[in-house]
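Quick one: the structure is below, questions incoming.
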Amino acid sequence: MRRLPPITALQALDAAARHLSFTKAAAELHVTQSAISHQIRFLEELWKLKLFARLTRRVELTPAGQALTPVLREFLTRLDDTLGMLKDPKGHTRLRVWVFPSVALKWLVPRLNAFRHAHPDIDIWIATRMSKEVGFRTGQIDAAFHLSGGGYPDFASWQLMREYVYPVAHPRLLARRRQPRTPADLCRLPLLLRTGDDGAAQWEFWFDRAGVPEEIYAPSLRAGTRFSDSATTLQAALEGQGVALARSATVWQELTSGRLVRLFDITCPFHRAIHFICPRDRADWYPITMFREWLIAESAKSQAEFDAAEARVHRHAAGSPPKPGGRGHRQRQPIRTAVLDRNGAAPDKLRRPGLA
């Protein structure tokens, strides 16, 4: 067998290839930039290959470097996974998954115990720190939830859920303020706003769907409390601080319990769907396969509930609410809804669509 380099040299090459920077690789590995440069030169001399082209202020992988780094990354990942399993006397395998904080809190965590019982040999490690770089390049995660319109050429992906968006509020807020009778009336209430997150449901999107002219709603979106994530926004709504624009999966528990109520009968499908993604070369890894199949099954249940709720809202908007106990009626999980009629026929009390 040809002489193999020490693991520290391989880690230096992996980090430098991911960052295309010796300085950033040094920061990740907590060594000096010169130490990274020394390790790369050692490998180049050992293998008689030029791995990087040193340019003025950056480095680029040579064809040899591009061919070697995927093999190296897979080796380091599998080595780490195997060592982690061998160190655990019970033979557990960890699966590191990045999830949106709101989806983790409101949808995934309440269901996670069922997966643990079905697969006690797989330990799910949940990461929710928000970042545009979900961590595949740094090797910090194995799979991730992603909110988009789809299309992942560099990853294996599976669509889990397509949600709906709608305004929600605490009954206490509606009791102390004059209830909105039309979508435009929401502009009289404090609207809970989001910071510049391209993946978040934005009020402009919903108001346009509701047919409210921009000149009517735009002034109400210029000032007010803003939040960086859905979980904090919904907490503010639960405190009666304003009206939040919520997605199905993040607010379902609050709607079925009556802690929040949905406003208006407007069906507004969200333009992005929740996907589960992972590197293509990891798609058949046992922990990912088992977790993915479980996620798809659980998501199908939630999707059926979301769609059924929209169907009930649509029937109510058309003037033919379903009868109690009729086909498709789920009395165990009613969605509390207020002010359903967009044309101004607002009920005096909060009501449950499909319930007498």
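Please treat every number below as a calculation from the coordinates, not as lab data. The model shown is predicted, which means the values in this text are computed figures rather than measured ones. So basically every Cβ, Gly included, is an ideal-geometry build from the backbone, and we count neighbours across all protein chains shown.
Using a Förster radius of 25 Å, what is the FRET efficiency between Ile126 and Asp307 based on their Cβ-Cβ separation? Nearest 0.05, please. Please report the intermediate quantities before stating the final value.
Values: r = 27 Å, r/R0 = 1.09.
Using R0 = 25 Å, I get an efficiency of 0.40.
Would you mind checking which residues have amide H under 5 Å from Thr225's amide H? H placed 1.01 Å from N; only 5 or more apart, or other chain.
For Thr225, the qualifying residues are Leu193.
May I ask you to compute the full-extension gain from Ala27 to Arg259, defined as 0.36 nm times their residue separation minus their alpha-carbon distance, rounded to one decimal in nm? Let's see the in-between values first.
Numbers: separation 232, 0.36 × 232 = 83.52 nm, distance 4.66 nm.
That pair, Ala27 and Arg259, stretches by 78.9 nm at full extension.
For segment 141-155, take each phi angle, set θ = phi - 60°, evaluate the Karplus expression 6.51 cos²θ - 1.76 cosθ + 1.60, and give the result in whole Hz per residue in order, putting x for glycine and proline.
9, 9, 8, 8, 8, 9, 10, 6, x, x, x, 10, x, 9, 9
Still on this structure, please answer the following. Identify the residues of segment 5-23 with backbone N under 15 Å of a label point that sits 7 angstrom from the Cα of Arg54 along the Cα-to-Cβ direction, or state none.
Within reach of a label on Arg54, which here means backbone N under 15 Å from a point 7 Å along Cα→Cβ, segment 5-23 contributes 21-23.
Taking amide H atoms as placed 1.01 Å from N in the peptide plane, list the residues 5 or more away in sequence, or in a different chain, whose amide H sits under 5 Å from that of Gly258.
Arg336
Okay, moving on. Short version: ³J(HN,Hα) in whole Hz for each residue of segment 227-234, in order, from phi by Karplus 6.51 cos²θ - 1.76 cosθ + 1.60 (θ = phi - 60°), x for Gly and Pro, what are they?
Result, rounded to whole Hz: 10, 8, 8, 5, 4, 5, 4, 5.
From the phi of every residue in segment 109-119, what ³J(HN,Hα) in whole Hz does the Karplus formula 6.51 cos²θ - 1.76 cosθ + 1.60 yield, where θ is phi - 60° and glycine or proline is x?
Whole-Hz 3J(HN,Hα) from phi for segment 109-119: 4, x, 9, 5, 4, 5, 5, 4, 5, 6, 9.
For Met161, enumerate residues with amide H under 5 Å from its amide H, sequence gap 5+ or separate chain, H modeled in the peptide plane.
Amide H to amide H, under 5 Å and 5 or more residues apart or across chains, Met161 pairs with Ile274.
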